[in-house]
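Participant: Take a look at the following structure, please.
The values are calculated or read from the model by the stated rules, or taken from the named source; none is laboratory data. Computed from a prediction, not measured in an experiment: that's the story for all the values here. Note that we place each Cβ from the backbone using ideal geometry, even for glycine, and neighbour counts take in every protein chain shown. To get the accessible areas, we keep the full protein, side chains included, count just its heavy atoms, and leave off ligands, DNA and RNA. Shrake-Rupley method; radii C 1.70, N 1.55, O 1.52, S 1.80 Å.
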Amino acid sequence: MKLIAAVDRNWGIGLNNKLLISIPEDMKFFRNTTMGNVVVMGRKTLDSFPNGKPLKDRINIVLTRDKNYKVDGAIVCHTKEEVLEEIEKYDTNNVYIIGGESIYRLFEGECDTALITKIDFEYEADAFFPNLEELGWELAEESEEQTYFDIIYNFCTFKCNR
């Protein structure tokens, strides 16, 4: 399984259930990477999407404690164990954990690759990605420096050898 996220200098990922910034090339990378694959998210992440609808052309798995929660176009699970059981039906190389904070923290230990867009800026944030550097992950690849207006960022691949 893989983690995928855009993070700022402090590993911030969101504020008030919204992304810190929307960088078109990062959005394109996310879309192209996850298209046709399995995405695992929490309910609040799904709620943050346009009209609260699952992502098109992907298998959407939503983890929520709400036993009555239902959403068209997504598989709803209520425990980590249910999610792990559900993803056994798929190639784990095609499973992406897409947020939010509690979902990243819950599944970080199950993943071996993290696709991280590192943004060289500090935003105000109330949701954070696990700091992979502190957790012993290794930076395996880093793109050339990218820019979006005055924002500098890199596409990074982290690996965890468990």
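Participant: Enter the accessible area per residue of the chain (Å², integer; probe 1.4 Å; all protein chains in place). Numbers along the way, then the final one.
Facilitator: Numbers: 9140 Å² over 162 residues.
Ligands and nucleic acids excluded, the figure is 56 Å² per residue.
Participant: Quick one: of Lys18/Lys159; Lys89/Lys159; Lys28/Lys56; Lys2/Lys67; Lys2/Lys118, which pairs are farther than 19 Å apart, Cα to Cα?
Facilitator: Working: Lys18/Lys159 27 Å; Lys89/Lys159 24 Å; Lys28/Lys56 14 Å; Lys2/Lys67 27 Å; Lys2/Lys118 16 Å.
Exceeds cut-off: Lys18/Lys159; Lys89/Lys159; Lys2/Lys67.
Participant: Next up: Test of understanding: in a Gaussian network model of the chain with alpha carbons linked when under 10 Å, which of Asn51, Asn17, Asn131 would top the mean-square fluctuation ranking?
Facilitator: Evaluated over the chain, the most mobile residue of the options is Asn51.
Participant: Which FRET efficiency, nearest 0.05, do Ser102 and Thr147 yield, Cβ-Cβ r, R0 45 Å? Don't jump to the answer; show the numbers that get you there.
Facilitator: Working: r = 32 Å, r/R0 = 0.71.
So, using R0 = 45 Å, E works out to roughly 0.90.
Participant: Report ³J(HN,Hα) in whole Hz for each residue of the range 70-83, in order, from the Karplus equation J = 6.51 cos²θ - 1.76 cosθ + 1.60 where θ = phi - 60°; Gly and Pro get x.
Facilitator: Running phi through 6.51 cos²θ - 1.76 cosθ + 1.60 with θ = phi - 60° gives 9, 8, 5, x, 9, 8, 9, 10, 10, 9, 4, 4, 5, 5 Hz.
Participant: Return the calculated 222 nm mean residue ellipticity for the chain, to the nearest 500 deg cm²/dmol, obtained by summing -39500 (n - 2.57) across DSSP H runs with n ≥ 4 and dividing by the residue count. Could the numbers behind the result be given before it?
Facilitator: Values: 4 runs with 32 residues, N = 162.
Value at 222 nm, helices only: -5500 deg cm²/dmol.
Participant: Could you work out the per residue convex hull volume over the alpha carbons of the range 1-78, in cubic angstrom?
Facilitator: Working: hull volume 8.9 nm³, N = 78.
Per residue, the Cα convex hull of the range 1-78 comes to 114 Å³.
Participant: Per residue of the range 105-117, what does 6.51 cos²θ - 1.76 cosθ + 1.60 with θ = phi - 60° give for ³J(HN,Hα)? Whole Hz please, x for Gly and Pro, Karplus curve as stated.
Facilitator: Once rounded to whole Hz, the list reads 5, 5, 9, 3, x, 8, 9, 10, 9, 10, 9, 10, 8.
Participant: Also, I was wondering about something else. Place +1 on the Cβ of every Lys and Arg and -1 on the Cβ of every Asp and Glu in the chain, take the dipole about the Cα centre, and give the residue among Tyr123, Ile103, Pro24 whose Cα lies farthest towards its positive end.
Facilitator: Towards the positive end, the residue furthest out is Ile103.
Participant: Then there's this: How far apart, in nanometres, would the label points at Val71 and Asp112 be if each is projected 7 angstrom from Cα along the Cα-to-Cβ direction?
Facilitator: 2.9
Participant: Within the accessible area of the chain, what % is carbon and sulfur when the probe is 1.4 Å and the other protein chains stay in place?
Facilitator: Details: 4180 of 9140 Å².
Carbon and sulfur: 46 percent of the exposed surface of the chain.
Participant: Let me ask you something else. Pairs of Cα atoms under 8 Å, at least six residues apart: use those to get the relative contact order of the range 14-162, whole percent.
Facilitator: Working: 213 pairs, mean separation 32.8, N = 149.
Relative contact order of the range 14-162: 22 percent.
Participant: How much length would be gained if the chain were fully extended between Lys159 and Asn94, taking 0.36 nm per residue of separation minus their Cα-Cα distance, in nm to one decimal?
Facilitator: Numbers: separation 65, 0.36 × 65 = 23.40 nm, distance 1.57 nm.
Value of the extension gain: 21.8 nm.
Participant: When the chain is treated as a GNM, springs tying every alpha-carbon pair under 10 Å, which of Val71, Val95, Val83 comes out with the largest mean-square fluctuation?
Facilitator: For the chain, modelled as a Gaussian network with Cα springs under 10 Å, the answer is Val71.
Participant: Return the aspartates and glutamates within reach of Lys44: Cα separation strictly under 13 angstrom, same-chain partners fewer than 8 residues apart disregarded; answer none if there are no such residues.
Facilitator: Leaving aside aspartates and glutamates fewer than 8 places away in the same chain, those within reach of Lys44 are Asp66, Glu101.
Participant: Let me ask you something else. Please check the chain for the longest run free of GluC sites (Glu not before Pro) that are loop-located per DSSP (anything but H, G, I, E, B) and have at most 15 other Cβ atoms within 10 Å. Could you put the intermediate results ahead of the total?
Facilitator: Values: sites that count: Glu88, Glu122, Glu124, Glu133, Glu134, Glu144, Glu145.
It runs 1-87.
Participant: Compute the FRET efficiency between Glu138 and Glu85 as 1/(1 + (r/R0)^6), taking r as their Cβ-Cβ distance and R0 = 30 Å, and round to the nearest 0.05. Could the numbers behind the result be given before it?
Facilitator: On the way: r = 30 Å, r/R0 = 0.99.
Rounded to the nearest 0.05, the efficiency is 0.50.
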